[in-house]
Amino acid sequence: AVTGRRPNRCHHHFETLRPECSFCYLRCRRNPSASRPLAWHSDDTGTPTMSAEDDADAVTQELSDARARIRELEAVVEAREQKLATLEKKLGDVSAQSAWHRADVYGALHHIQDYYRDSELFSRGLLERVIGTDSLPKKRQLTVTAIMFFLLPICMFLTVALTYLAAFGAPYIGSTASRTLGAVLAVYYAYIYQDNSAARGSLPSARFKSSWFWRQLREYFPVVLRKANESTKFPADKKYMFGYHPHGIISVGCFVNFVADATETQRLFPGISFFGATLAANFKVPFFREVLLRLGCISVSASSIRYVLGMGPGNAVVIVPGGAAEALDARPGSNDLTLQRRSGFFRIALQQGVHLVPIYSFGENDLYPQAFRNESGTFVRRVQEFWLKRIGYATPYFCGSGAFCMPAIPGNPIPRRHPIITVIGDPIECPKIEHPTEADIEKLKVQYINSLNNIFTQFADEYAPDRKSPLRIIK
């Protein structure tokens with residue numbers, strides 16, 4: 001029998017502990033702190049062995065230690081679960097009791113809107129005036145929309161600011177930096193003056209057109225694109241001119257659907273490249289023009305349209321025939337179009353022998369209410385028509401998106417949040433006539449207007465149930 005024990009030494013082998021030995025493992029390894037001496041016995045061969053009683057004691061001690069460790073871990077887990085439950089309760093109390101105490105003010109607006117809409121404390125009409133009829137857009141959607149609709153004034157301000165620094169900025173940025181900036185701007189302005197990309201198919205970038213940025217803009221309203229007849233095919237071996245109606249204030253649906261590839265344009269029209277036509281003056285604004293060119297925008301001049309259509313099959317030009325004059329009649333619930341006087345639109349279609357496609361967007365006129373009454377004959381309308389004749393650009397006095405007790409803010413370029421459903425009619429095949437007569441133009445115009453009326457009649461009850469007037473061609 002072995003009496004006494006030395007730590008880190010095996011009483012069976014009388015040497016350093018062996019992890020492969022059952023005696024070392026059970027007694028010395030697992031219970032090195034045993035205070036009583038180990039009892040060993042010799043077998044017939046003289047090899048010392050551990051008694052059954054000591055073996056059972058070692059296993060029992062091992063299980064006892066394991067249970068104690070498990071209890072310690074369970075206590076730790078329970079404490080952490082209690083701490084997590086406490087934090088969740090605090091967050092829930094902040095969300096349910098006082099949304100104004102949140103750091104996220106935008107989230108507080110969502111909370112207040114949902115709370116009062118579900119409550120019965122106020123009448124429905126008051127709630128609609130205070131918190132609006134639509135749910136609040138997500139942060140990213142609102143941010144993207146704000147950037148997009150403030151982009152033109154931002155670019156104009158940036159141009160003025162940089163020009164001022166180049167001319168008079170030496171005391172602020174140093175003479176060397178001022179001269180360098182002046183030289184760069186001079187080269188850029190000269191490039192803009194002589195560049196004719198807007199009249200020669202622009203500089204479209206497929207990656208830029210399909211950016212996630214435009215999809216967030218689409219979801220703000222949202223914008224939906226569909227065919228009037230789902231079975232209608234648009235072969236890629238044809239040339240197309242799409243007429244978008246109504247103009248609205250800014251033609252948001254035209255931009256989202258056809259300029260920026262944010263809807264299902266590629267699925268509905270595989271193999272067709274779209275070029276949106278806009279005012280030539282937009283391509284004279286530094287920095288802003290670069291965005292338009294990368295989106296595939298072209299000048300709305302006849303020569304520019306003919307150039308794109310002459311590039312061959314598979315190209316489509318999207319035009320808003322109503323133009324600036326129609327923007328003056330854009331008000332919620334109205335469906336007034338300026339089309340009778342747009343003979344040039346139909347003349348180009350006949351000269352090029354394209355497929356002419358009518359489009360109507362329900363909700364386009366609902367994005368911006370007019371700030372003043374501007375019906376025909378009013379003082380405001382006479383002022384607007386005066387500037388339209390002088391500079392070729394209308395100056396609608398509109399109201400943008402509002403907040404709380406203000407349903408609309410005058411001059412705010414961010415539009416109201418209203419669905420835009422764009423319906424594409426069946427293409428009208430135009431015969432190619434080099435010199436169309438007035439009778440040819442009128443015949444095509446009647447056919448086109450009838451197609452527009454068919455679209456409106458078929459979908460108005462579904463997409464514009466609150467309309468205030470039928471479709472009218474007023475000019």
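The values are calculated or read from the model by the stated rules, or taken from the named source; none is laboratory data. A quick note: this is a predicted structure, and the numbers were derived from the prediction, not measured. Please note: Cβ atoms are built from the backbone with ideal geometry, for glycine as well, and neighbour counts cover all protein chains shown. Please note that ligands, DNA and RNA were not included when accessible areas were found on the heavy atoms of the full protein model with its side chains. Shrake-Rupley method; radii C 1.70, N 1.55, O 1.52, S 1.80 Å.
Structure notes:
- Per-peptide packing, taken as the mean over residues of other Cβ atoms within 10 Å, places 371-383, 355-367, 256-268 in the sequence 355-367, 256-268, 371-383 from highest down.
- Cα-only radius of gyration and Dmax that characterise the stretch 377-447, units Å: 20.1, 58
- Rolling a 1.4 Å probe over the heavy atoms of the protein chains gives the stretch 290-354 an accessible area of 26 Å² per residue.
- Spread of Cα-to-Cα distances over 5 Å intervals beginning at zero, given as percent, for the stretch 126-249: 2, 7, 8, 11, 15, 14, 12, 11, 7, 6, 4, 2, 1, 0
- Hydrodynamic radius by Kirkwood, which averages 1/r over all alpha carbon pairs of the stretch 189-313, in angstrom: 15.4
- Burial ranking of peptide ranges 170-178, 345-353, 152-160 (average Cβ count within 10 Å, highest at the top): 345-353, 152-160, 170-178
- Counting 0.36 nm for each residue step from Asp461 to Thr176 and taking away their Cα separation leaves a gain of 96.1 nm.
- A Cα-only calculation for the stretch 293-431 places Rg and Dmax at 17.4, 55 Å.
- Model label zone, Glu429; criterion: amide N under 18 Å from point 7 Å along Cα-to-beta-carbon; scope the stretch 329-362: 349-358
- Counting 0.36 nm for each residue step from Ser303 to Lys284 and taking away their Cα separation leaves a gain of 5.1 nm.
- Förster radius 56 Å - calculated FRET efficiency between Ala146 and Glu72, Cβ distance, rounded to 0.05: 0.50
- Protection proxy ranking for 193-206, 440-453, using the average of other Cβ atoms within 10 Å per residue and placing the highest first: 440-453, 193-206.
- Modelled FRET efficiency - R0 56 Å, Lys238 with Thr395, Cβ distances, 0.05 increments: 0.90
- Maximal additional length on extending the Val160-Lys475 stretch stands at 109.5 nm, based on 0.36 nm per residue less the C-alpha distance.
- When the inverse distances between all different Cα atoms of the stretch 243-300 are averaged and flipped, the Kirkwood radius reads 12.2 angstrom.
- HN-Hα J in Hz across the stretch 196-208 - Karplus 6.51, -1.76, 1.60, θ = phi - 60°, x for Gly and Pro: 10, 4, 5, 9, 10, x, 6, 10, x, 10, 4, 5, 5
- Over 25 Å (Cα to Cα) - which of Lys227/Lys389; Lys239/Lys443; Lys209/Lys432; Lys238/Lys443 fall in this group: Lys227/Lys389; Lys209/Lys432
- Counting all C-alpha pairs of the stretch 257-353, share separated by more than 17 Å (%): 59
- Rough spin-label spacing in nm, given labels placed 7 Å along Cα→Cβ, for Ala85 and Phe168: 6.9
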